[in-house]
Amino acid sequence: QLGLNSSYNVLSDTCECSIGYIIRNDQCVQADDACEDKIGRHSKFNSLTDKCECDSGYVLSQKSYGSELECRSCTDKHGIHAEYDYLSKECECESDYTMDDDGQCIEKQNNVYFDLIELDDDNNEAIIRSDYDRSYYHVSYGLGCLSIWRYENRQIVINLGTDYSLDTWDKIVLQDDDQTCNIVSKERVDSGFSLEEEEEETGGYYVPTSVNVFEVDIALSPYRQAIENLKNKGVVGGYPDGTYKPKNLINRAEFIKIVMGAAGFPASGSSCYSDVKDEWFAGYACAAKSSEIATGYPDGTFKPTNNINVVEALKIVLKTFVISVRGLDEDEEWFKPYVETAQSHSLYLPTFDSADKKITREEMAELVNRILDLQSKLSP
């Protein structure tokens, strides 16, 4: 039945493979060979867990969506500036590098160069464009920046310090004389924004037309309509500065609150995980646990600040909205039935290029918007 490397177990009344062998295609084969066939040559069989696992320094991932999972080096997965952390057994970027939305390690930007696009020297305002991500900013600056006019069609520098975030800067440096100018206020705008405000004449006064920061922030998103739909339904909102930040990654706490709220689940409970007490998301995380939608990790944690990936998000969405998913086949990765179901219902977005990709706020909005549409079609 199982080949030469098998024997009969009297206690269990079944055939089983000899030590060092596992069943593969209904035959007992050498475990390490079977693991290599299943997840690649950088793998081994763990006799304690009775499972195949990657060699130290390698992680299990896809080369591209649709391909089989295999053991890959961190540099193969995330680029030459990635390294393996032997404590967490995960990939991370070198100290001066950070991971972008595509999962590649890129150099952290300390000095970001901007072009001065438009200037209103009378009111100390300017439009500047980042050479890093081509985003536009409307800034007002302090009185000490009197020579900024010299930088039209030239570059100025913004130093991000050690935070490496375009959301944190509060000063610019004019090259040549290294003059530092304090930024009084800033907002991200679209490429068509102009300092020449549209005005309406009313009672002899001219009132500047206000700018909808939220609309400007999502203007270039491919999922703009979904974001607007969810905002109008009260499912999502913006940040205190009025922006939505569509390209930002979304963590497990944010995702579970939005999805559970969209489905109409009431927040219920607290302290249901060792790392969840009475925070703003606790009621939704606990409701998801009691409903067996998201049961957390084997160590009893929820890891609310971890950014959520594609397959985790699909599982939560499909279980929350009670979409039928087929059972798991033997030796099959746990997420495949969820991916197949998502694809069959047009829930697998074109920007989901791998199963372990971390999803953004705009992708979350599109996914939730699609599942709400699906629910309305399936409802009697």
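The values are calculated or read from the model by the stated rules, or taken from the named source; none is laboratory data. Nothing here was measured: the structure is a model prediction, and the numbers come from that model. Please note: Cβ atoms are built from the backbone with ideal geometry, for glycine as well, and neighbour counts cover all protein chains shown.
A few comments on the model shown:
- Some residue of region 272-282 being assigned to a loop (DSSP other than H, G, I, E, B), under 30 Å from residue 22 (Cα atoms) and either out of contact with any Cys (no Cβ under 9 Å at 6 or more places or on another chain) or not assigned by TED's automatic domain parsing to the domain that holds residue 238 (or both): no
- Hits in region 120-140 (condition: under 16 Å from residue 193 (Cα atoms) and either buried (at least 17 other Cβ atoms within 10 Å of the Cβ) or within 27 Å of the chain's Cα centre (by Cα) (or both)): 126, 127, 128, 129, 130, 134, 135, 136, 137, 138, 139
- Members of region 319-345 that are among the aromatic types (Phe, Trp, Tyr) and in contact with a helix residue (DSSP H, G or I) (Cβ under 7 Å, 6 or more places away or on another chain): 321, 335, 338
- Hey, residue 71 of a type outside the set (Asp, Glu), modelled with pLDDT of 80 or more and out of contact with any helix residue (DSSP H, G or I) (no Cβ under 6 Å at 6 or more places or on another chain) or not: no
- The residues of region 343-380 that are within 18 Å of the chain's Cα centre (by Cα), assigned to a helix (DSSP H, G or I) and of a type outside the set (D, E, K, R), listed by number, are 364, 365, 367, 368, 369.
- Residues satisfying the stated conditions in region 331-367, i.e. closer than 23 Å to residue 305 by Cα and acidic (Asp, Glu): 353, 356, 362, 363, 366
- Criterion violated by residue 128 - all others in (1) β-branched (Val, Ile, Thr); (2) part of a loop (DSSP other than H, G, I, E, B); (3) within 24 Å of residue 216 (Cβ to Cβ) satisfied: (2)
- Of the listed requirements (1) under 30 Å from residue 358 (Cα atoms); (2) outside any loop (DSSP other than H, G, I, E, B); (3) at pLDDT below 80, residue 49 misses just one: (2).
- Considering region 1-35, the residues that are of a type in the set (D, E, K, R) and within 23 Å of residue 332 (Cα to Cα) include one that is modelled with the highest pLDDT, namely 16.
- The set of residues in region 62-94 that are in contact with a Lys or Arg (Cβ under 9 Å, 6 or more places away or on another chain) and farther than 20 Å from residue 41 by Cβ comprises 65, 93.
- Note on region 18-41: residues that are polar (S, T, N, Q) and out of contact with any strand residue (DSSP E or B) (no Cβ under 8 Å at 6 or more places or on another chain) amount to 2.
- When the residues of region 99-119 are filtered to those that are closer than 15 Å to residue 170 by Cα and surrounded by fewer than 18 Cβ atoms within 10 Å (Cβ to Cβ), the one that is nearest to the chain's Cα centre (by Cα) is 110.
- First in region 282-301 and over 19 Å from residue 261 (Cα atoms), second anywhere and hydrophobic (A, V, I, L, M, F, W, C), Cβ under 9 Å, 6 or more apart: 301/276
- Hey, residue 300 closer than 20 Å to residue 268 by Cβ and modelled with pLDDT under 95 or not: yes
- Top-ranked residue of region 31-44 - restricted to ones that are touching a residue at least 24 places away in the same chain (Cβ under 8 Å) and not in a loop (DSSP other than H, G, I, E, B), ranked as nearest to residue 352 (Cα to Cα): 39
- In region 212-235, the residue that is modelled with the lowest pLDDT out of those that are within 14 Å of residue 189 (Cα to Cα) and part of a loop (DSSP other than H, G, I, E, B) is 212.
- When region 236-262 is filtered for residues that are part of a loop (DSSP other than H, G, I, E, B) and surrounded by fewer than 18 Cβ atoms within 10 Å (Cβ to Cβ), the ones remaining, listed by number, are 237, 238, 239, 240, 241, 242, 243, 245, 247, 248.
- Condition check for residue 160: at pLDDT below 75 and touching a Cys at 6+ places or on another chain (Cβ under 9 Å): no
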